[in-house]
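Accompanying notes for the structure given below.
What follows draws every value from the coordinates through simple rules; no lab data is involved. Fair warning: this is a prediction, and the values are worked out from it, not measured in the lab. Every residue, glycine among them, receives a Cβ derived from its backbone with ideal geometry; neighbour counts consider all protein chains shown.
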Amino acid sequence: MLAAAAFRLVALPSAPPGMTHDEADHGLTAWAIVNGARDIYFTVGYGREPLYDYVTALVMAGTGPTILAPRLTSAYLSLLMIAATYAWARRAFGASVALLAAAGLAVGFWPVMAGRQALRSIALPALFAGAVLVFWRAIFVEEREEKEKGRRGEGERRRRGPTPFPPFSLFPFLPFLSAGILLGLTFYTYIPARGMWLAFPALAAYLALVAPPGERRPRRLLWGTALTLGVAFLVAAPLLLHLWRNPGLEVRIDELNAPLDAATVGEYGRLLDNALGALRLFTIEGDQTWRYNIPGKPFLGPVMGALFCAGLVVAGWLAVRGFVNRRNRVITDKAGLSSRTTGSPGAFLALAWLALGFAPVLVTGPGLSTTQAIGALPVLYVFPALAMAAGWHALRRPAGGRRVAAGFILALIFFAAVAAQTARDYFGRWANAPEVRVQYETTMVTALRYLDERGGAAAVSTITPGRFHTPAVALLTFRNPAAQPRWFDGRESLLFPAVAGGLLLVPGFTPIPAELQPYLAGATPIDELPMRPNDLDRPVRVYRLDRSGDDIARTMSPVMAGSEATIRFSDHIELVGYDLSTSDAQPGDTLTLVTAWRLGQPLPDASIFVHVIGPDGRPVAQADGLGAPGESWVAGDVLLQRHTVALPEDIPPGEYPVTVGVYTTSDGRRLTTEAGEEVVALATVTVRDE
């Protein structure tokens, strides 16, 4: 556990470098919870179950809005997962298997990666392992009592109590109730939880089938399993009911179900390809996504993978022996693993757990498998541990203690080598890869820290200016209340703070197009942020804006001929000028229009449309877009928006008005001017024959 804690807590704020927008969104949601939000399901991104964010909010209440809070949550949940898996494996297979499995979870690359990322998926294996542990205790409580009676005298038993878990003995329903609560909470963690509950009735059915004649357990199993599942679905009911009433919330479900939908109409090719690709994940070829893995790195390395395959054979053998020897109450197999009441059921549960946790990847394929197969993570390392324990026992029989010591030393050396490889691959290779630094927005975090130190108004160019992307990253980065950032995409727009003297930051991924560069004539380059030579989005240039947006707008064509008047669309936005690349064109030409807008009250889902109107009053060409999201507008700022309009190749010669307007994409509603108009005519384009 100390090794696991070290791997998960060392350099936690800086590795992963920066943060992804998914991590930032968890922080954004958690901070909203701290400030009073109480949703049962969050619609951020593709939709999210809420438990992880509520736990993060508890941490964030002490740390404030920082990336450290959700990453600490993940680290703690990862440690709980290891502890619960160890406790269950010790009861199911013995101390050796439990210790070896915990060692793998402590230092393996995949569990370390999952324990350091601020993603809700890690909550699923932590809670599910806890539910399995409590359910296991509930099932085998009678066997523990009998074991205690045989191991201690009556006086000692009275002094220490009838069982290590007296509340469970006094209230036999309590452990099943506790297991049901934990299992129900898994539904609030991650989508794969909705199928993993099947492991519990499957285990109960197996135990009923392998129970020796006269065994009283089947009756206890029946009502205990029913109670566990009933409580679980009762706990999960509010979320499931909410999703049933709002079927459009889970966008991700529809995407993941595509292979299954195709199979229902007889097209099995995609599902088969995904399943075959997924089976390679264990030992041959892993997820190709830099965000969650070193591309191609399988779940397990060559040696661990071979042990995993051997462990599958051992587990299958143990599960089958449970049927073969059902008439014998206590049987010890040749591997030294008890197959009476724990070894065989433990092996069966491990196999069922692995199958159910891995099932989503069989449908979706190997892409993003490190998150989608997260339910199988705890039990993954149980199988190598089974193989190692079986080999250890085979060595111990003829030579006794010396080979036991040798086996211990070999295991220690083996896991030390795994730990060294994980440290090299994660902290060295993965965390410093240019692709990872891009996906974790390291450049943007660097730029935001620069602004945090300086304070003041600043316009920040970013590929993802929407609320749940760069602004969410800023929430977890800024500490200086004097910092006043605005967000825009420099590839299609320019944003000028209301007061001259603000800063403009432009990273390499959002170069300012030629049509907008003349408006930066008064901007003074003052800095270039230090980046690594191999960073893909360098350089990050910093400008001081010596002219205000209003000054820029005055150099453009007025929106009404012979007048400096502006046109206001409600209280949200005001058209103050424009520039059109040409008023003479030929069929197939592309027109470039730059419009200038003074921003007002925020308008979520806002967009600007430009139409070239034909003789019948309908658009013959159009362009929609907005580089500065409406929800983050700051009143008084001036936005320059570039529009590129491609004329049709077959457009007839003639005069074509160019109009502009504002609407909201969520409902298609157009804003109107003070005169009640939905569009404003700016200029006329003359199309001539070639």
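Listing for the model above:
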read-out: Order of Ile253, Ile82, Ile413, Ile573 under a 10 Å beta carbon neighbour criterion, fewest first; value: Ile413, Ile253, Ile573, Ile82
read-out: Order by protection proxy (mean Cβ within 10 Å, highest first), peptides 424-437, 494-507; value: 494-507, 424-437
read-out: Given charges at beta-carbon only (K, R positive; D, E negative), |dipole| of region 441-547 in Debye; value: 200 debye
read-out: Point-charge dipole on Cβ atoms (K/R +1, D/E -1) for region 400-482, about Cα centre, debye to 20; value: 340 debye
read-out: Identified option (computed semi-axes √(5λ) of the Cα gyration tensor in Å; candidates (i) 58, 29, 24; (ii) 61, 26, 23; (iii) 44, 34, 28); value: (ii)
read-out: Positive minus negative residues near Ala596 (Lys, Arg vs Asp, Glu; Cβ under 12 Å); value: -2
read-out: Residues Arg252, Arg291, Arg8, sorted so that the one with the fewest Cβ neighbours within 10 Å comes first; value: Arg252, Arg291, Arg8
read-out: Lys/Arg +1, Asp/Glu -1 at C-beta; region 557-687 dipole; positive extreme among Leu580, Thr659, Ala675; value: Ala675
read-out: Net +/- balance of residues flanking Ser74 in space, Cβ distance below 11 Å, scoring K and R +1, D and E -1; value: +3
read-out: Helix 68-93 vs. the chain, principal-axis angle (Cα, 0 to 90°, nearest 10); value: 20 degrees
read-out: Tilt relative to the chain, helix 269-279 - C-alpha long axis, 0 to 90 degrees, to 10; value: 60 degrees
read-out: Charge-dipole axis of the chain as Lys and Arg at +1 and Asp and Glu at -1 on Cβ define it, positive-most pick from Tyr426, Leu100, Val499; value: Leu100
read-out: FRET efficiency estimate (nearest 0.05) - Cβ-Cβ, Asp605 to Glu435, R0 35 angstrom; value: 0.65
read-out: Folded to 0 to 90 degrees: helix 343-364 orientation relative to the chain principal axis, Cα; value: 20 degrees
read-out: Cα gyration tensor shape of region 441-547, rounded if a/c is under 1.5, else prolate or oblate by comparing a/b with b/c; value: rounded
read-out: Packing rank of 269-281, 224-236, 109-121, where each peptide gets the mean count of other beta carbons within 10 Å, highest leading; value: 109-121, 224-236, 269-281
read-out: Label-to-label distance, nm, for residues given as Leu177 and Thr644 (7 Å Cα→Cβ offset); value: 6.6 nm
read-out: Selection from Val612, Gly625, Thr644 lying farthest towards where the dipole of region 557-687 points positive, charges on Cβ; value: Gly625
read-out: Global geometry of region 557-687, whether rounded, prolate or oblate, following the gyration tensor of its Cα atoms and the 1.5 cut on a/c; value: prolate
read-out: Environment charge of Ala123, counting only residues whose C-beta is closer than 15 Å and scoring Lys/Arg +1, Asp/Glu -1; value: +2
read-out: Lys, Arg +1 and Asp, Glu -1 on Cβ, resulting dipole of the chain about Cα centre, debye, nearest 20; value: 6200 debye
